[in-house]
Each structure stands twice: as structure tokens, then as C-alpha cells.
Amino acid sequence: MVAAKYIVGNWKLHGSVQENAVRFAALKAGCQPGDTLAVCVPFPYLAQAQQALQGSAIGWGAQNVSEHAKGAFTGEVSAAMLADFGCGCVIVGHSERRSLYGEDDATVARKAQAVAEAGMMPIVCVGETLSERECGDTAQVVTRQLAAVLADASEELKRGLVVAYEPVWAIGSGRAASEEDVREVHALLRGQLEQAGVIGARLLYGGSVKASNAGTLLNVVNVDGALVGGASLDAEEFLAIAQAARA
Ligand code: 13P
């Protein structure tokens, strides 16, 4: 049996209690048996996600986590706290965290480890910038980013790892990567994962995924799902992506 494609929404810095309530209700109503959907919401809305999505098959999680377990780290949220709360997944190393908040490969690796150790699924993002692509450095950048995570990966991390290839130039640009680009990078990442003994990890594609291109992108070999930003804020559009994943 082919595993269902995993469709994850990254709400980024969007939402309000009122807005979320409408979106959660629509997702719950529209989710079909066999769909594997999840949404990663801002920290203050985790409680709302937990409550609203109770009894549904829709998973929910966070967009970031502290690399530290506890201590004097004002403003941080630990993996154990998220797990305690019932989070199923956490996005780690999103390009916005890397570029705007200075997260380097080593930090991302420690965060992924912390998430896995707490029993949640880390969704580790990798991807090249436009200038890196233009310099022909795509393969080198994404393999370096993934290698850092695989370097000292525990068995838990290897078992639960999800990798999202998100070319930075495709995020929020309306210009998704081509099938060829996705096929090439996903094959590379798959090979790297297998070489490290990570078999069966899910590989997601992210970057301007919408209902109109989801079918094509999700059909590419080694694409096991999508990480969706902007389009995940529109429940109808997100559910249409889920439908494309089913087709
Ligand atoms: P968009 O789908 O808005 O391009 O964002 C992708 C993304 O960053 C998901 O993490």
C-alpha cells in the first residue's frame, strides 16, 4: 500500500482566536478518511488547536522549539513542554529561522534532536537561496544542511525524521520549483538519508504549493508530502491540496 501523502500547514505569524476557530472547524469538517494532515500554529494557539482538533485525524504542532531543555532562557519553549502539551510535530530550521534569527546548521541539529527525544516528529527544513542556486551550489547546500542533522542523530531521530525541501526562492514567491528541480533534489536527499541508515523518512516539498500545482508536485518521485505556507491559511485551498494528494 502506498502511504498517504503528508500535508502540513505552516501558519507562520498569522491567526487570531476567532480566525483560527473558523479555520479549524472547516478543516475538521473537510478532512477525509485516509488524509494525513497537520497544522503548525503559533505557540499561543497550541491550546486552541488541541481543543479544536480533538477527535479529528488532523495533527498539530509548533513552528520552532528551544534547543535547551530548561533554564534561564527567557522567551523559549522546550521540546518537553510541547510534548507535554500533546504536540505531534515541530518545524525545525525553517529558512526564516535560519536567515532572520541566525539559526545555523548545528543549532538546527540540536533542535531536531530535542524534538525527537521528546517523542515528537521533527520536520527539518533545508533549501538553497536564489544566489546559491545561481552559483550552482544547491546540492552542496542542502546536503550540508541535512548532514549536520544526521551527524550525531539518535535512533529516535532517525526513526521519526521528516525532511522538507524548501528552496528559499520558492517560498512566498508564487513560483514553485519545477518538477525536475524537485525530482533532482529529493533524489539526492533520499540517497543521503539511506546512506545514513535512515530508511523510510518522509520527504516533503515546500515553496508556493497551492491547489493548482499540488497534484503535479506531489506526483514527483520521492515526494511524500508538502509543507504549505500561505495556502494553508485558506481552509478551502488547504483541503483542495489534500484532495490533490489523494488523487
Ligand atoms: P509558501 O507556501 O507561502 O510559499 O511558504 C512555504 C513555507 O515556507 C512553508 O514552510
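Step by step: first the residues of the stretch 103-143, then only those that are part of a loop (DSSP other than H, G, I, E, B) and open to solvent by less than 40 Å² (accessible area, probe 1.4 Å), then the one that is nearest to GLU76 (Cα to Cα). Which residue is that?
Initially, the stretch 103-143 is screened for residues part of a loop (DSSP other than H, G, I, E, B), giving 103-104, 118-120, 127-129, 135-137.
Right, trim to open to solvent by less than 40 Å² (accessible area, probe 1.4 Å) and you get 103, 118, 120, 127-128.
Details: GLU103: 14, ALA118: 16, MET120: 18, GLY127: 25, GLU128: 27 Å.
Out of the qualifying residues, it is GLU103.
Looking only at the stretch 144-162, how many residues end up being within 16 Å of the ligand (Cβ to nearest atom) and over 14 Å from the mean Cα position of the chain (by Cα)? Please lay out each step first, then the result.
Looking only at the stretch 144-162, we keep the residues that are within 16 Å of the ligand (Cβ to nearest atom), and these are 145, 162.
Narrowing the set further to residues that are over 14 Å from the mean Cα position of the chain (by Cα) leaves 145.
So the count comes out to 1.
Residues that are more than 16 Å from the ligand (Cβ to nearest atom) and under 21 Å from VAL39 (Cβ atoms) within the stretch 116-143 comprise ALA116, ALA118, GLY119, MET120, listed in sequence order.
Tell me, which helices (runs of 4 or more DSSP H) lie completely within the stretch 1-93 with 3 or more residues that are open to solvent by less than 10 Å² (accessible area, probe 1.4 Å)?
Working: elements: 17-30, 46-52, 79-85.
Those helices (runs of 4 or more DSSP H) span 17-30.
If a residue has to be away from the ligand (no atom under 12 Å from the Cβ) and assigned to a strand (DSSP E or B) to count, how many in the stretch 163-180 make the cut?
We begin by selecting, within the stretch 163-180, every residue away from the ligand (no atom under 12 Å from the Cβ); these are 163, 178-180.
Imposing the further condition that a residue be assigned to a strand (DSSP E or B) reduces the set to 163.
Count: 1.
The set of residues in the stretch 219-239 that are among the hydrophobic types (A, V, I, L, M, F, W, C) and within 14 Å of the ligand (Cβ to nearest atom) comprises ALA226, LEU227, VAL228, ALA231, LEU233, PHE238. Candidates GLY119, GLY136: the one that is under 18 Å from the mean Cα position of the chain (by Cα), of a type outside the set (S, T, N, Q) and on the phi > 0 side of the Ramachandran plot is GLY119. Has the stretch 27-43 got any residue that is charged (D, E, K, R) and within 21 Å of HIS94 (Cβ to Cβ)? Checked the stretch 27-43: no residue is charged (D, E, K, R) and within 21 Å of HIS94 (Cβ to Cβ).
The values are calculated or read from the model by the stated rules, or taken from the named source; none is laboratory data. On a predicted model such as this, the values are computed, not experimentally measured, just so you know. Using ideal geometry, Cβ is built from the backbone for each residue, glycine included, and neighbour counts are taken over all protein chains shown. All accessible areas refer to the heavy atoms of the entire protein, side chains included, with ligands and DNA or RNA removed. Shrake-Rupley method; radii C 1.70, N 1.55, O 1.52, S 1.80 Å.
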